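A.B. asks: Here's a structure for you.
The values are calculated or read from the model by the stated rules, or taken from the named source; none is laboratory data. Please read all numbers here as calculations on a predicted model, not as lab measurements. As a convention, Cβ positions derive from the backbone with ideal geometry for all residues, glycine included, and neighbour counts pool all protein chains shown.
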Amino acid sequence: MRFGSERWPLVGLVAVLAVAPACKTTGEYVSVDDLRQSPGVADGEYVIQTGDTISIRVWGQDGMSSRGKVRPDGRISVPFINDVEAAGSTPVTLAKVIQAKLKDFIVSPVVTVTLEETRPLQVSVLGEVVRPGAFVLDQNSGVLQAIAVAGGMTPFANKDAIMVIRKTTGTGGSQRIRFTYDALTQLKGRAAAFRLLPGDVVVVE
């Protein structure tokens, strides 16, 4: 598989398109401007995802330091404190959580978390676009980049009904986030800073 606008294999695409009829604005959704942020996460700040590889360094304690990939359940194993929820946190926030847990073992621990490798940004773009399909995008891509890779919107597209369907970590559910084309192109509100995550589905109605 090549990066950029290259599509996934046909079998994967058929599976994605099979669920497309369920992606309608008739159900519940939240405007991007009303989207609830994780505590301590600023717009545009990187949030750790499942599949990311991170390095956890405890200053002066090599035996407590580790490196690993965030598991599908959103956790990562850390020496002495076992599993820690990593997905959904920023590296700085995760470092503070680990630091607090290590206080039971050492005095004044100093912890740094470094992102070593990110999970590929694989998203699907469906609905009223020229080339619906599944694509691999550059990291930090937003909704407009995804629509552009899919060839842009058709003349029948509803510019006030652009949705991102995102799985919610640890719940098995999903959230639908609504955008308008004007907000995306004119950099209005939080639409300007919104970044897609692996597994997101962009639907243009």
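A.B. asks: Suppose the filter is under 13 Å from Val202 (Cα atoms) and hydroxyl-bearing (Ser, Thr, Tyr); does Ser141 pass it?
C.D. replies: Taking the combined requirement at face value, the residue satisfies it.
A.B. asks: Those residues that are among the charged types (D, E, K, R) and at pLDDT below 95, I need them from the range 102-140; list them, please.
C.D. replies: Matches in the range 102-140: Lys103, Asp104, Glu116, Glu117, Arg119, Asp138.
A.B. asks: Which residues, counting only those in the range 181-202, are more than 21 Å from Pro120 (Cβ to Cβ) and either touching a strand residue (DSSP E or B) at 6+ places or on another chain (Cβ under 7 Å) or among the hydrophobic types (A, V, I, L, M, F, W, C) (or both)?
C.D. replies: Tyr181, Ala183, Leu184, Leu187, Ala191, Ala192, Ala193
Conditions tested, residue by residue: (1) surrounded by fewer than 19 Cβ atoms within 10 Å (Cβ to Cβ); (2) not assigned by TED's automatic domain parsing to the domain that holds Ala193.
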residue: Pro91; (1), (2): no, yes
residue: Leu94; (1), (2): no, yes
residue: Ile98; (1), (2): no, yes
residue: Lys101; (1), (2): yes, yes
residue: Phe105; (1), (2): yes, yes
residue: Thr112; (1), (2): yes, yes
residue: Leu126; (1), (2): no, no
residue: Ala150; (1), (2): no, no
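A.B. asks: Filter the strands (runs of 3 or more DSSP E) completely within the range 39-120 down to those with at least 1 residues that are of a type outside the set (A, V, I, L, M), more than 21 Å from Leu137 (Cβ to Cβ) and out of contact with any helix residue (DSSP H, G or I) (no Cβ under 7 Å at 6 or more places or on another chain).
C.D. replies: Correct list: 53-58, 66-69, 75-78, 82-85.
A.B. asks: Please verify whether Arg190 is basic (Lys, Arg), over 21 Å from Asp83 (Cα atoms), out of contact with any Lys or Arg (no Cβ under 9 Å at 6 or more places or on another chain) and buried (at least 18 other Cβ atoms within 10 Å of the Cβ), treating the condition exactly as stated.
C.D. replies: no
A.B. asks: Ok, one more. Restricted to the range 26-38, and to residues that are in a loop (DSSP other than H, G, I, E, B) and modelled with pLDDT of 75 or more, which residue is nearest to Leu197 (Cα to Cα)?
C.D. replies: Across the range 26-38, the extreme among qualifying residues is Leu35.
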